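The values are calculated or read from the model by the stated rules, or taken from the named source; none is laboratory data. Keep in mind that this is a model prediction, so the values were computed, not measured. Virtual Cβ from ideal backbone geometry, glycine too; neighbours counted across all protein chains shown. Accessible surface is based on the protein model in full, side chains and every heavy atom, while ligands, DNA and RNA are left aside. Shrake-Rupley method; radii C 1.70, N 1.55, O 1.52, S 1.80 Å.
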Amino acid sequence: MAGTEVSSTAYNLNKVAWQFFITLTFERVPPLRVRKACVLEFVRRVAKFYKLKNYQWDLKWVIRHETGEKFGRPHFHLLIELPEVPSNLTSASYTLKHIWEVEVAKGKQCCGFADVRPWDRSRNGVEYLVKDTNWNGANAFELSKFCSRREWSPDHEAVSYTHLTLPTKA
């Protein structure tokens, strides 16, 4: 990444030891509010599987919603750091896949497949997730005076959600 500008969000997200880059798709595309609810249900169920008390504080995750370049189908990308590094990443990958494709999909008939890949820093997944956001720092403050984040975004549905709790000093 020599010679390229890195956003403050990407800089900080690159400090996390992510374990998985995940793509979640939809068989039938529900409204955006339902898609958001489904992906947050996925995060809650992952936290529950790993016996975490609170998915908002005990699990590190980043979500990006976007539409596909070829067919315009909406999907989500996630980075996730589990509380403990799994001894078997393949098994953990299948567990995450099962949570989306079976548990979250149960009764909803809308969830598609989950592509769960071990995190590879060299593939610039963080930069991919924060691309085109530019809604940080002073830029966010200035833009918020004139419009909402949704109105400003070049792709109104490509809004990223970041939840990251960094450890505090003891």
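Structural remarks
- In terms of its alpha-carbon gyration tensor, region 1-131 comes out oblate; a/c meets the 1.5 threshold, while b/c is at least as large as a/b.
- Accessible-area order (highest first, 1.4 angstrom probe) of the listed residues LEU32, LEU24: LEU32, LEU24
- Net length gained if the chain between LYS48 and LYS36 were fully extended (0.36 nm per residue, minus Cα distance): 2.5 nm
- With R₀ fixed at 25 Å, the C-beta to C-beta distance from LYS15 to VAL85 puts the FRET efficiency at about 0.95.
- Percent carbon-and-sulfur accessible area, region 1-116, ignoring ligands, DNA and RNA, probe 1.4 Å: 53
- The GluC sites (Glu not before Pro) found in region 1-110 that occupy coil by DSSP, while having at most 10 further C-beta atoms within 10 Å, are GLU5, GLU69, GLU84.
- LYS97 - accessible surface, heavy atoms, 1.4 Å probe, Å² rounded to 10: 60
- Among the listed pairs LYS15/LYS131; LYS36/LYS70; LYS48/LYS106; LYS48/LYS70; LYS15/LYS106, a Cα-Cα separation exceeding 25 Å is found for LYS48/LYS70; LYS15/LYS106.
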